[in-house]
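The values are calculated or read from the model by the stated rules, or taken from the named source; none is laboratory data. None of these values were measured; they are calculated from a predicted model. Because the Cβ atoms are built from the backbone with ideal geometry, glycine has one as well, and the counts that use them run over all protein chains shown. Accessible surface is based on the protein model in full, side chains and every heavy atom, while ligands, DNA and RNA are left aside. Shrake-Rupley method; radii C 1.70, N 1.55, O 1.52, S 1.80 Å.
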Amino acid sequence: MLIKQVSVFVENTTGRLHKLAKILADANIDIIAATIAETTDFGILRCILPDPQAGVELLKSKGFNASLTDVIAVSIEDKVGGFDVVLAELAEAQIAVKYIYSTVKTAGDNAVIVMKTAEPERAIEVLTSNGIKLVTIADFME
């Protein structure tokens, strides 16, 4: 189950990230998960929204450069080694992990990790066939 992630280029200037967050808040759009990687001149905000397509369209209409990317969200036991189980399966299958970030939302008692892999469809097959639960947007909304 792929999830659409919103990726937004954000100029590295005071207040620009606030402007983006306010646009989403004013439209009553919840940011379910987010991470930002920055360089000297700009950052890339990666986030999960309830309706990613609507979020991209809104942000583009307000002058932001936004796009959609396929990612996977996994539910893991919130204990030492919980994430290692996921990474071990991907490593065994020779599937590269490009980046990860966690969410503030949980799946029951489990933590949720969002990840971008080199081969998302194959990663889904490997993970689900090894009993690892994937998380959907609907799961986040419960």
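Here is a list of conditions, (1) over 16 Å from the mean Cα position of the chain (by Cα); (2) open to solvent by 30 Å² or more (accessible area, probe 1.4 Å), and residue 138 meets all of them except one; can you say which number that is?
Among (1) over 16 Å from the mean Cα position of the chain (by Cα); (2) open to solvent by 30 Å² or more (accessible area, probe 1.4 Å), the lone unmet condition for residue 138 is (1).
Restricting the search to the stretch 24-57, which residues are at positive phi and modelled with pLDDT under 95?
Correct list: empty.
Can you report the number of residues in the stretch 1-23 which are touching a Gly at 6+ places or on another chain (Cβ under 7 Å) and either open to solvent by 50 Å² or more (accessible area, probe 1.4 Å) or closer than 22 Å to residue 73 by Cα (or both)?
Counting residues in the stretch 1-23 that are touching a Gly at 6+ places or on another chain (Cβ under 7 Å) and either open to solvent by 50 Å² or more (accessible area, probe 1.4 Å) or closer than 22 Å to residue 73 by Cα (or both) gives 2.
Would you confirm, using the coordinates I've provided, whether residue 88 is modelled with pLDDT of 95 or more, under 18 Å from residue 133 (Cα atoms) and over 16 Å from the mean Cα position of the chain (by Cα)?
So residue 88 fits the description; yes.
So residue 80 clears everything in (1) over 18 Å from the mean Cα position of the chain (by Cα); (2) touching a residue at least 12 places away in the same chain (Cβ under 8 Å) except one condition, right? Which one?
Status for residue 80: all satisfied but (2).
Looking only at the stretch 24-37, filter to residues that are among the β-branched types (Val, Ile, Thr) and open to solvent by 40 Å² or more (accessible area, probe 1.4 Å); which one of those is nearest to the chain's Cα centre (by Cα)?
35
All but one of (1) closer than 30 Å to residue 133 by Cβ; (2) at pLDDT below 95 hold for residue 5; state the number of the condition that does not hold.
(2)
Condition check ((1) open to solvent by 50 Å² or more (accessible area, probe 1.4 Å); (2) of a type outside the set (A, V, I, L, M, F, W, C); (3) without any contact (Cβ under 8 Å) to a residue 12 or more places away in the chain) across all residues:
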residue	(1), (2), (3)
39	yes, yes, no
52	no, yes, no
57	yes, yes, yes
60	yes, yes, yes
63	yes, yes, yes
69	no, yes, no
74	no, no, no
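Yes or no, residue by residue, for (1) in contact with a strand residue (DSSP E or B) (Cβ under 8 Å, 6 or more places away or on another chain); (2) closer than 15 Å to residue 33 by Cβ; (3) open to solvent by less than 60 Å² (accessible area, probe 1.4 Å):
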residue	(1), (2), (3)
81	no, no, yes
93	no, no, yes
103	yes, yes, yes
118	yes, no, yes
